[in-house]
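Inspection log for the structure reproduced underneath, given as structure tokens.
All of the numbers you see were taken from the coordinates with simple rules; none came from a lab. Remember, it's a predicted structure, so these values are computed and weren't measured experimentally. Cβ sites come from the backbone with ideal geometry, for glycine too, and all protein chains shown count toward neighbours.
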Amino acid sequence: MEKFITVAIDGPAAAGKSTIAKRVAKLLNYTYLDTGAMYRAVTYAVIKAGLDPEIEEESVKVLPGLKIDLKEDGTVLCNDEDVTKVIREPIVSSKVSYIAAMKPIRLALVDMQREMANSKNVILDGRDIGTYVLPNANVKIFQIASVECRAKRRYIENLEKGIPSTLEEITESVKKRDYIDSHRDFAPLRKAEDAVEIDTSDMTIEESVDAVLAVIKEKTGIEIPCH
Ligand code: DC
């Protein structure tokens, strides 16, 4: 049976995990799975159904029959609807931490993630991949950056996308999400004991990609293509 390689990248919000994971996946020809997008898709489904995303008994009503597809081109489908853009809107971002703290929702999504990861070479990014979803992942990375740095990156991203925001607002929201993500009861954000920590505060995207590739090479012995 072919042995597939699994790379887990966990870390706090806005640490650049998805940017790095996407680039590494492309270089290695691995499938990239954005698990945060799945929590966002559920949040969207809850709001769309007119339910309160802060109340578990209401939110879990969307679970029966829920279908989430992460396409290779980055498109996210929720019950066959293209939600790629709307799940990045503030209405979803401001509620997703509540949804991600609900155990029945986590269990349902973790099942889907394990299923998606078991038959190919994959890179997943999230909060609990190395600690809970795939504790036997071949490579575990904990990617961090300072709050100031993450807030500044998100602020510049918003400016480029024309989304109005202030640096103070974003700093507060990053801190709040850090707190909720790392203080929830079930599968909180935490560095796995065998994860390699990479602090990207003073790194460019290219340097961060190289740092992740170096860990993958060290842990798996695979050849890294020239890039
Ligand atoms: O990475 P992101 O900002 O798209 O994640 C959205 C939310 O989902 C965030 O509050 C953390 C949560 N999340 C999680 O709890 N576990 C994961 N594996 C991925 C994301």
For the chain, calculated [θ]222 nm from helices alone, where every DSSP H run of n ≥ 4 adds -39500 (n - 2.57): -13500 deg cm²/dmol
For the chain, share of DSSP beta bridges that run antiparallel, in % to the nearest 5: 25 percent
FRET efficiency, 1/(1 + (r/R0)^6) with R0 25 Å, evaluated for Lys161 and Asp52 via beta carbons: 0.35
Relative contact order of region 108-188, defined on C-alpha pairs under 8 angstrom at six or more residues apart (%): 28 percent
Protection proxy ranking, peptides 34-43, 109-118, 50-59, average beta carbon neighbours within 10 Å, highest first: 34-43, 109-118, 50-59
The chain shape via C-alpha gyration tensor axes, a/c threshold 1.5: oblate
Contact order relative to length of the chain, as percent, for alpha carbon pairs under 8 angstrom and 6 or more apart: 32 percent
Proximal charge balance of Gly50 [Cβ under 15 Å; K/R count +1, D/E count -1]: -1
Over region 6-106, relative contact order from alpha-carbon pairs under 8 Å, at least 6 apart, %: 25 percent
For region 108-182 versus region 1-70, the gap between their alpha-carbon centres in whole angstrom: 10 Å
